[in-house]
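Trainee: Mind looking over this structure? Questions follow.
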Amino acid sequence: MSHSEYFRLGLIGWPIEHSYSPVLHLAALKYLNLKGEYELYPIRPIGEDKSKLEEVILMMAAGELHGLNVTIPHKLSVIPFLDTLTPVAEAVGAVNTIKVQGGKLIGDNTDALGLLNDLRRFLAKNRARINGQTRTALVLGAGGSARAVCWALIEDGWQVTLAARRIEQAEKLVDALSAQPFAVPKLAKISSVHLAESGLAALSPDLIVNATPVGMVPDLNRSPWPAGLPFPQTAAVYDLIYNPQETRLIQQARYAGLLTESGIGMLIEQAALSFYSWTGCRVLTSVMQSAYNSVIAANSSA
Ligand code: NAP
């Protein structure tokens with residue numbers, strides 16, 4: 001697509017009225033002097049409204065839309081509507097970005113690389129405090145984003161333990177990831193435990209990643225970390241949640257002296273990767289970051 005064209009972009013999910021994605025993508029379009037829009041398409045779960053999801057996907061197939069982000073609850077349910085998946089989306093088993101190429105609808109997953117980019121930045125920034133051998137991770141939650149997180153960490157050479165409140169859910173995810181051809185030589189790199197004090201007490205991971213929604217707005221006082229369980233003293237904590245900017249988990253971990261990071265960096269990294277796949281233009285993540293900072297500042301003074 002040439003840069004003189006108009007980019008029709010958007011997001012499908014439910015609920016999405018508070019999404020920061022329009023802010024990030026509109027800032028990128030403006031900074032790069034590209035014409036376009038980023039619209040929200042609130043679509044209920046497929047069991048409740050299959051026709052609306054089909055309608056928006058057909059708009060893409062007809063060339064009326066050029067790029068879509070996909071969020072909860074459609075990261076899996078869009079797959080049957082697509083012609084093909086990128087190798088990452090195939091391996092992760094979830095789609096957060098759809099593009100059109102040669103008339104075909106292609107599902108991609110930028111969450112995985114988005115997390116890795118931001119995690120590497122976080123670890124590099126804190127090199128002085130984080131041991132260079134840091135390589136064992138504990139991932140809390142076994143839903144859609146945990147899948148992308150585990151895939152990315154395994155690909156990056158981490159030894160991963162997956163903790164879920166329903167151990168069978170974690171086991172299923174471990175089996176699914178282990179069944180991927182890419183993971184065969186890395187089978188020993190992922191295992192599962194129960195997300196409870198008894199399951200986690202013996203572990204001393206270098207990194208804890210929260211991939212549950214516990215602590216997200218409006219649930220501000222809740223934490224996925226079991227009450228009464230001390231944090232491993234040398235761990236860093238990365239929370240995928242970005243709203244609020246500082247979750248209860250982040251507060252608890254920082255109080256215990258641990259290094260912490262919120263999920264806004266990952267959100268921005270995955271957005272920049274999606275933007276590139278639609279427009280062919282790279283945007284500095286700092287452009288998206290300052291647009292996000294302006295919205296947060298405006299909201300806090302309102
Ligand atoms: P999801 O598919 O619904 O999975 C959530 C997981 O958390 C499930 O394993 C669920 O277990 C578990 N869980 C839910 N409530 C729990 C509780 N009270 N205690 C223990 N476990 C609980 O959601 P997702 O797509 O993975 O998203 C998870 C979080 O990541 C959300 O807050 C989302 O906003 C955030 N996220 C951030 C980014 C980013 O760019 N920063 C990207 C993607 C996602 P059950 O199945 O038993 O309920």
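The values are calculated or read from the model by the stated rules, or taken from the named source; none is laboratory data. Only a predicted model underlies this, so the values are computations on that prediction, with no experimental measurement involved. Don't worry about glycine lacking a Cβ; one is built from the backbone with ideal geometry, like all the others, and counts go over all protein chains shown. Each accessible area value is taken on the protein alone, full model and side chains, heavy atoms only, with ligands, DNA and RNA left out. Shrake-Rupley method; radii C 1.70, N 1.55, O 1.52, S 1.80 Å.
Trainee: Restrict the check to the range 181-196 and report whether at least one residue is farther than 22 Å from ARG127 by Cα, open to solvent by less than 20 Å² (accessible area, probe 1.4 Å) and modelled with pLDDT of 95 or more.
Mentor: The answer is no, given that none of the residues of the range 181-196 is farther than 22 Å from ARG127 by Cα, open to solvent by less than 20 Å² (accessible area, probe 1.4 Å) and modelled with pLDDT of 95 or more.
Trainee: I would also like to ask the following. Determine whether ALA94 is assigned to a helix (DSSP H, G or I), within 11 Å of the ligand (Cβ to nearest atom) and more than 15 Å from ALA236 (Cα to Cα).
Mentor: no
Trainee: Quick one: which residue in LEU115, LEU105, LEU85, LEU68 is open to solvent by 20 Å² or more (accessible area, probe 1.4 Å) and within 27 Å of LEU284 (Cα to Cα)?
Mentor: The unique qualifying residue is LEU85.
Trainee: Here is a follow-up. It is to be established whether one or more residues within the range 33-42 are touching a Lys or Arg at 6+ places or on another chain (Cβ under 9 Å), farther than 21 Å from TYR292 by Cα and charged (D, E, K, R).
Mentor: No, the range 33-42 has no match at all.
Residue-by-condition table, conditions (1) under 16 Å from the mean Cα position of the chain (by Cα); (2) in a helix (DSSP H, G or I); (3) at pLDDT 95 or above; (4) small (Gly, Ala, Ser):
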site: ILE208; (1), (2), (3), (4): yes, no, yes, no
site: VAL214; (1), (2), (3), (4): yes, no, yes, no
site: GLU246; (1), (2), (3), (4): no, no, yes, no
site: SER286; (1), (2), (3), (4): no, yes, yes, yes
site: ASN293; (1), (2), (3), (4): no, yes, yes, no
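Trainee: Only one of THR86, THR71 is out of contact with any Cys (no Cβ under 7 Å at 6 or more places or on another chain), of a type in the set (S, T, N, Q) and away from the ligand (no atom under 16 Å from the Cβ). Can you tell me which?
Mentor: Residue meeting the stated conditions: THR86.
Trainee: Within the range 25-49, how many residues turn out to be open to solvent by less than 80 Å² (accessible area, probe 1.4 Å), out of contact with any strand residue (DSSP E or B) (no Cβ under 8 Å at 6 or more places or on another chain) and not in a loop (DSSP other than H, G, I, E, B)?
Mentor: Selection size over the range 25-49: 2.
Trainee: Here's another thing I want to ask about it. Provide a single number: the residues in the range 97-147 that are within 16 Å of the ligand (Cβ to nearest atom), assigned to a helix (DSSP H, G or I) and not charged (D, E, K, R).
Mentor: Of the residues in the range 97-147, 11 are within 16 Å of the ligand (Cβ to nearest atom), assigned to a helix (DSSP H, G or I) and not charged (D, E, K, R).
Trainee: Sticking with this structure for a sec: Exactly one of (1) closer than 30 Å to GLU5 by Cα; (2) open to solvent by less than 40 Å² (accessible area, probe 1.4 Å); (3) away from the ligand (no atom under 12 Å from the Cβ) is unmet by LEU284. Its number?
Mentor: With respect to (1) closer than 30 Å to GLU5 by Cα; (2) open to solvent by less than 40 Å² (accessible area, probe 1.4 Å); (3) away from the ligand (no atom under 12 Å from the Cβ), LEU284 is out only on (2).
Trainee: Looking for something within 15 Å of the ligand (Cβ to nearest atom) and of a type in the set (Lys, Arg) - is there at least one such residue anywhere in the range 239-254?
Mentor: yes
Trainee: Which members of the range 255-277 meet the condition of being more than 15 Å from the ligand (Cβ to nearest atom) and open to solvent by 20 Å² or more (accessible area, probe 1.4 Å)?
Mentor: TYR255, ALA256, GLY257, LEU259, TYR276, SER277
Residues checked against (1) surrounded by fewer than 22 Cβ atoms within 10 Å (Cβ to Cβ); (2) within 12 Å of the ligand (Cβ to nearest atom); (3) within 30 Å of ILE296 (Cβ to Cβ):
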position	(1), (2), (3)
ILE154	no, no, no
ALA202	yes, no, no
ILE208	no, no, yes
GLY215	no, yes, yes
SER223	yes, yes, yes
LEU229	yes, no, no
